[in-house]
Structures are given as C-alpha cells and as structure tokens.
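This report refers to the structure that appears directly beneath it.
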Amino acid sequence: MIRNLHRASLRITVFLSFWMLFHSVNAKETTSEIIKEYEALIDSSKFYLKINPDLSLTFAINALEISRRLQDEKKLAESYLQIGIVYRLNGNLSKSEFHLNKALSFGKNFDSYPQILKELGITLKQQSKYDDALNYYLKALEAYQSKKQFSEIATIHNNIGRLYFAMGDDLKALDYYRKSVTTQQKHHTDPSGVALHNIGAIMEKMNQLDSAEYYYKKALQYYKKLNDQILIAYGYASLGNILKNEDSAQFYLKKSYDLRKSLKLETDILESLFYLGKLKWKQKKMTESEALFAEVYDLSIKKNNHQYAYESANHLAEIYRSQKDFAQAYFYKKNASSWKDSLYHQEKKVKELGFDYRLKQIQQEEELQQLNTLNQNQQLQIKASEIQLEKEQQLKIFWIITILFILSLLVLLLYFSYRQKKKNNDLLLQKQIIEQKSKENEILIREVHHRVKNNLHSVMSLLRLEKRKLKDPSADKLVENMENRIMNISFIHETLYNQQNLTSVTLKNYLEMIGLKIIGFYPEKNISFALKGDVTVDSDTALYLGQLFSELFTNSCKHAFQNIKSPEITINISVENKNNCLILFSDNGIGNLQESKTDSFGKKLIESHGRKLNAEITEYSKKGFHCHIQFKLNR
C-alpha cells in the first residue's frame, strides 16, 4: 500500500513537472513574439516620424500598450520618448513635455536616459522655459560625456548655444557654438555644419558681416558634403541675406527659393521670399518689393505664421507711407501691431503710441490748421472732455471685467475644491474597503495553514496507529520516516501562519526556525547552526523552500555527523542581478550519504521541490556535504 502511494505521488510529481515545463516554454515563445511586435512598432514609428507624423504617433502608442503588458521599464521609457518626440514635431509641446517626463521616470537606468534629457531640453526651450531647458541640457551633456559620445556632446553644445542666443546672451552662445565645432574637429566626428552656421548668425547679429559670410560658406560646404537639400537651402538664404554684393545676394536667394519650392518647404519659402523682398527694398525697386512682401503676407495668413505676417505687414506699411498712401499704410501698420501682439504675447508692455495714433494726430493737425475762428479753444476743450469721458468708460469696463473675472475664479476654486474633497473621500472609502478585504484574506490564509497543520497532525496520528500493527522493521522505519516528513511539513505551515506578513516571507528567520526545530530533535549531537544573508520571498516559494531544506536538515542531522566532534550546518543566502537568488547549504560531516545510507526518496523530494521552484540544484562532497541552490525570485 505504501509502495503504491509512493508510485502514485511520484507519477503525479512527474506529470506536474512536465506540465509546468510545457507552459513555461509556451509562455517564453509568446513573450518573444510580443517583443518582436513591439520592436516592429517602434521601428515603424521612427520611419514615419517625418513622413507621416500621425501614423508615427499611432505606432508609438501601440508600442506603449505592449510595453505596459510586458511591464518592461526599458521599453516603457523608449515608448514614452518616441511619443514625446512625435508630439514635439507636431507642435503639441505640452503633451510632448508630459510624455518625456514619463519617459524620464522609467529610463534613468537605461541607455535612452541622455536622449530623454536632450529632448526635454529641446521641448522646454521651444516653450521659452529657458532655465529648465538649460538644466536638462547640462544633465544630458554630463551623461554623454560619461559615455564619451562625442557626436552627441557636440550636438548638446550647439543646443546650449542656441538657448543662450534665444536668451540674448550672445557671448555665451558663441562660446558654446565654438565648443561644438572644437569637439567635432578634435574627435573627428561627422561635422553637421549647424554650429558653424550658428556662429555666422552671431557674427551677423554683431554686424560683423565678413566673418558671418565666412562661417555661412563653411557651413554650406558641410551641407553640400552631406547632400542635405534642406540645410543647403538654409545656407543659401542666410548668405543671400548678408552679402553686400546685390547680384550675388540675389543669386543665392533665388537658389534658396527654387530649392525650397521644389522640396515643398512652405515655412522656409516664406523666409526666402521675405529676404528677396528686403533685397528689392535695398535696391529701391519698390514695385517688386511690394509684390514680394504682399505674397509673403498672404501666405503667412494662410499658414498662420505670426512672424512673417508681422514682418511683411510692417514693411508694406513703410512702402505705402513712402508713397503717401496713408490709408493702406494705416491698414498694414494696424495689422502688423495685431500680429506683433500675438507673436510677443509674453511682453508686459506694448508701445503706447502706434502708427494709428500718429495718423490720427496728423489728421487732427490738418483740422486745426483749418480752424481760424475764435471758438478754437472751445473745440479743443470739447475733444479733451470726450477723451476723458472715453477713458472713464474704459476704466469702468476694465473694473467690471476684473470683478467678473475674480468672481469666476472664486466659483472655479470652490468647484474644484468640492471635486477634490469628494475625490479624497472616495479614495479614502476605497482604501478602507481594500484594507478590510486584505485583512479578511489574511485571516483566511492563516486559517488554511492552521487547518493544513491540524490535518497533517491527524495523518500523523493515523500513521502512529498503523505503525503499532507493523512487525517488519524495514516497514516500521519507512513509516517513521514518513511520519517525520509529515511532522516537518506541519511545522512549515505552522511557521508560515505565524508570520506577520503572509504575502512576503523573510527567508533568514523562516529557515532559522525550521533548522533549529529539526536540529532540536537531535540534542545528543550538539549541532551548531549559522545562517548568513537574507532575502524576501513569496509564500509559495517559502513553502517549497521549507520542504526542501527540511529534507536537507534531516539528512545532515541523521547521517552526516558520525564521529564528528564539532558538527556544524551553515547556510549562505545571496542575491545577484536583483532577482537571482543563490543559497548554499553546507555541513562538515562525512560527505553525501543520501545514496548509500538513506533511501533515495528524500533526494527525489529535494529534486521535486527544486523543479517546482525552477531551481538549479548542485550537490558535491568536499570536506562535508554541500548543496548549491539557484532560482529566480518572483518580483
């Protein structure tokens, strides 16, 4: 009967082992396919980044969903980074900043970390958040320097220079542009020419046009070497804008316009047309200049380009004023003022006297010249009173709007305060429900362990009753061994339900209790026990480890210490690569006696529990018995 029981348990163990192995292989294959799908989506998003940004965004969002399923922090960082880049190129800077910050929270320990910092700097710079952008640029620079990625170091130097240029600090900008060029030359990285072009822009701003021309031409050489048509057109436009020779300037500007038109670069076409208009202005060809500026103005309105709408309207107003066409001049000057307000919305103060006011002043002077009657002072007083009344009315309207705004703000504050309070109450209620369920589950788990222990005690009692009937010494010994194993399993369950936290078990205390309990059954051998290291495991892993180590303790206590003066058992626990646990069980006995002096069932149990843990178990005898157990932690 006992043999049949052994055979049945062994068959069940073998079947379960094959079943677990089959499902683990399938799970690995499934994970591998998901990873391939993720990589394909990221590659597609990068491919369509400049061709079709909307499609690129779709691929990146799908990649993010897969990385969430995989719970892979590296892939989460890559996905959020790609989404942030797409949103920045689409002009949605707030969403770009949000997703890049999410990427930063996951990517601090991965290779994408410096790129995330760089992209955050670019996005913040475009939002005029200069101090924050500089902070991220400097962090990215430090990261690239530690990796000795000189091409990226040169790029960051150039970006910092552009940031200082936008902040108005030309000297610092020039210093970083030169650092970028020096890094490229020193480390023989592929020069982009952009840093040289930016140095030229600084020279142009300082009115050192000969130096600007030199750097623009050097940059253009690199652009042509790279065969980057967009940058070549950019170089032509910059050269044409500063050259003193008008024929050469017109030649470069025309080439820039033709190239940009063939590439369908609508915003860049505006720049080329505008520079051509300025050139015609210098040449005093007002008719051609007017036509070019009018074309720039119409295209700017269609494309909602505030910069060139303002610049072209301003030049058109000057042209019409020079032609004494004050109505048209007033129209374009007024529009220029409107575009300037929208372009520089962060400015705190706007010029008090605009072109429209000066035009009214001229009209008033003409009217005053016609007034040669004695009621001139009276007319002026009437106008002054009208102006004062208008100011008072405007002031009243201002205060009414201010009061309404404050009231609206208060209502919104009260509303959001109410919503937040309600949300907090809901969260508190959910927390209480979760805590209550957690306590109930813990009580149920403890009850299960307690009942298992009681049932095992009942089994032990039944075995003792059957044992009294046995007359065969070998059968008697077999039942005794079975009784001891059941008693060990019972103690393991007792130890588990006495743990403070049932979801995670501290391995050091747990194994110490099991070891001391089993060693206590052999007081005559005076066995010393030491345990070093610690790790936290889940309750299932603890259960398998407890059964495995109870076998090891029992084997050593029963068979290892024959004629050993100072018997010792030691356990060393260590963790490698965060989730790879190594445990070394050692005794100073006479070696591995499991095959020669004990039945092989104990060894089979050890191997069975090892398979449940997906552990690698290595045994060897050298100055005692040693068992090396290696498995992965479930985290």
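The values are calculated or read from the model by the stated rules, or taken from the named source; none is laboratory data. Model, not experiment: these values are computed from the prediction. Every residue, glycine as well, gets a Cβ built from its backbone with ideal geometry; the counts of neighbours run over all protein chains shown. Surface accessibility is based on the protein's heavy atoms, side chains included, excluding ligands, DNA and RNA. Shrake-Rupley method; radii C 1.70, N 1.55, O 1.52, S 1.80 Å.
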Using θ = phi - 60° and the Karplus curve 6.51 cos²θ - 1.76 cosθ + 1.60, what whole-Hz ³J(HN,Hα) does each residue of region 59-71 get, with Gly and Pro shown as x?
4, 5, 5, 5, 4, 4, 4, 5, 5, 5, 5, 6, 6
Given the C-alpha centroids of region 513-584 and region 381-417, what is the distance between them in whole angstrom?
82 Å
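Probe radius 1.4 Å, ligands and nucleic acids ignored: give me the carbon and sulfur share of the accessible area of region 71-223 as a rounded percent.
Values: 3230 of 7300 Å².
Within region 71-223, the accessible surface is 44 percent carbon and sulfur.
Roll a 1.4 Å probe over the protein chains and send me the accessible area per residue for region 149-225 in Å². Display every interim value, and only then the final one.
On the way: 3850 Å² over 77 residues.
For region 149-225, the solvent-accessible area averages 50 Å² per residue.
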Rounded D (µm²/s) - region 187-340, Kirkwood Rh over Cα pairs, Stokes-Einstein at 20 °C, 1.002 mPa s
132 µm²/s
With x for Gly and Pro, the residue-by-residue ³J(HN,Hα) of region 179-187, computed from phi through the Karplus equation 6.51 cos²θ - 1.76 cosθ + 1.60 at θ = phi - 60° and given in whole Hz, is 4, 4, 5, 4, 4, 5, 6, 5, 9
Mind checking the per residue accessible area of region 256-312 for me, 1.4 Å probe, whole number of Å²?
51 Å²
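Rounded to the nearest whole Å², what accessible area per residue is found for region 383-422 with the 1.4 Å probe?
Details: 3970 Å² over 40 residues.
Heavy-atom SASA per residue in region 383-422 reads 99 Å².
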Would you mind giving the three semi-axes, in whole Å and largest first, of the ellipsoid equivalent to region 20-160 according to its Cα gyration tensor?
30, 18, 12
Take peptides 381-392, 75-86 and line them up by average Cβ neighbours within 10 Å, highest first, as a rough protection proxy.
75-86, 381-392
What is the list of residues in region 49-82 whose amide nitrogen lies under 16 Å from a point 7 angstrom out from the Cα of Asp43, following Cα to Cβ?
49, 59-60, 63
How long are the semi-axes of the equivalent ellipsoid of region 525-591, taking √(5λ) for every eigenvalue λ of the Cα gyration tensor, in whole Å from largest down?
26, 13, 9
In whole Hz, what ³J(HN,Hα) sequence does region 287-293 give by Karplus (6.51, -1.76, 1.60; θ = phi - 60°), x for Gly and Pro?
5, 5, 5, 4, 5, 5, 5
Here the Cα Rg-to-2.2 N^0.38 Å ratio for region 530-635 is 1.06
Charge context of Ile571, other residues only, Cβ under 12 angstrom, K/R +1, D/E -1
-2
